[in-house]
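The structure appears right after this line, and notes come after that.
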Amino acid sequence: MTLPTPILQPSFSIGAYDLRPVRPSDAGLMALYTGDVRVAQSTSSIPHPLPPGTTEAFIARCMADGRTEDAWTIDGTRAGSGEVMGVISLTRMDFGQAEIGYWVAPIFWNSGVASAAVGALVAGNPQASRIIFATVQQGNPASARVLTNSGFSYLGDAESYCLARGSKVPTWTYSRKLD
């Protein structure tokens, strides 16, 4: 019998912040922040209201062997900003591709933390991706600027289903080639 090889996930230092793998102790602050309708509605995958156990299930999926999504907590402990400022993730796709996603707690919006996290994750390229894709809602130009400031190129318009809104929303799609 062969046991699956666990997927190791590195941590990154980004100035006064750290990107570290999510852990069970993050659940309380993650649930608090993702329970905010402004955060949930800016993503496609966070429901609102946040059902009990959703955060714990997300963390368990991101810690499981054989997972397709690696997630990092944006930890501001060294800066005195709190242990959880947001989450950033990479989802593996076929052919050396990945999709990046992120959210930041509203208290930290417009502070540069999202740009620092995206820049660090792209530079570190922990999944050895050739191309990273991203999608942002058209009503969120700040998130689009995070991507363009990190070297992503606009590909076109699309739409995706937003759980918190219960409807499709128009989106912008971006990519960044890394090879």
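The values are calculated or read from the model by the stated rules, or taken from the named source; none is laboratory data. Because the structure is predicted, anything quoted here is derived from the model rather than measured. So basically every Cβ, Gly included, is an ideal-geometry build from the backbone, and we count neighbours across all protein chains shown. Calculation scope for accessible area: heavy atoms of the full protein, side chains included, ligands and nucleic acids excluded. Shrake-Rupley method; radii C 1.70, N 1.55, O 1.52, S 1.80 Å.
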Checklist entry - If you go through region 47-60 one residue at a time, how many are open to solvent by 30 Å² or more (accessible area, probe 1.4 Å) and either hydroxyl-bearing (Ser, Thr, Tyr) or closer than 17 Å to Pro10 by Cα (or both)? => result 1
Checklist entry - Got at least one residue in region 7-23 being assigned to a loop (DSSP other than H, G, I, E, B), polar (S, T, N, Q), at pLDDT below 95 and open to solvent by less than 40 Å² (accessible area, probe 1.4 Å)? => result yes
Item to check | Count of region 116-131 residues which are open to solvent by less than 40 Å² (accessible area, probe 1.4 Å) and under 16 Å from Asn149 (Cα atoms) | outcome: 7
Next on the checklist: Against the conditions (1) under 18 Å from Leu121 (Cβ atoms); (2) at pLDDT below 95; (3) among the hydroxyl-bearing types (Ser, Thr, Tyr); (4) not in a strand (DSSP E or B), where does Thr43 fall short? Just the number, please.
Outcome noted: (2)
Next on the checklist: Need the failing condition index for Val104 against (1) open to solvent by less than 60 Å² (accessible area, probe 1.4 Å); (2) farther than 21 Å from Ser45 by Cβ, just the number.
Outcome noted: (2)
Checklist entry - Ser175 versus (1) part of a strand (DSSP E or B); (2) touching a Lys or Arg at 6+ places or on another chain (Cβ under 9 Å): which is the lone unmet condition? => result (2)
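Residue-wise test of (1) of a type in the set (Asp, Glu); (2) over 25 Å from Arg176 (Cβ atoms).
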position	(1), (2)
Leu8	no, no
Asp65	yes, yes
Gly80	no, yes
Met85	no, no
Asn110	no, no
Checklist entry - When the residues of region 132-141 are filtered to those that are part of a strand (DSSP E or B) and open to solvent by 30 Å² or more (accessible area, probe 1.4 Å), which remaining residue is nearest to Gln41 (Cα to Cα)? => result Thr135
Checklist entry - Going by the conditions given, is Trp103 in contact with a helix residue (DSSP H, G or I) (Cβ under 6 Å, 6 or more places away or on another chain), closer than 22 Å to Asp26 by Cα and modelled with pLDDT of 95 or more? => result yes
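Working only within region 76-95, note down all residues that are without any contact (Cβ under 8 Å) to a residue 60 or more places away in the chain and surrounded by fewer than 21 Cβ atoms within 10 Å (Cβ to Cβ).
Correct list: Thr77, Gly80, Gly82, Glu83, Ser89, Thr91, Arg92, Met93, Asp94, Phe95.
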Next on the checklist: I'm told Ala71 meets every condition in (1) in contact (Cβ under 8 Å) with a residue 12 or more places away in the chain; (2) more than 19 Å from Cys162 (Cβ to Cβ); (3) open to solvent by 40 Å² or more (accessible area, probe 1.4 Å) except one. Can you identify the failing condition by its number?
Outcome noted: (3)
Checklist entry - How many of the residues in region 24-46 are open to solvent by 40 Å² or more (accessible area, probe 1.4 Å) and hydrophobic (A, V, I, L, M, F, W, C)? => result 3
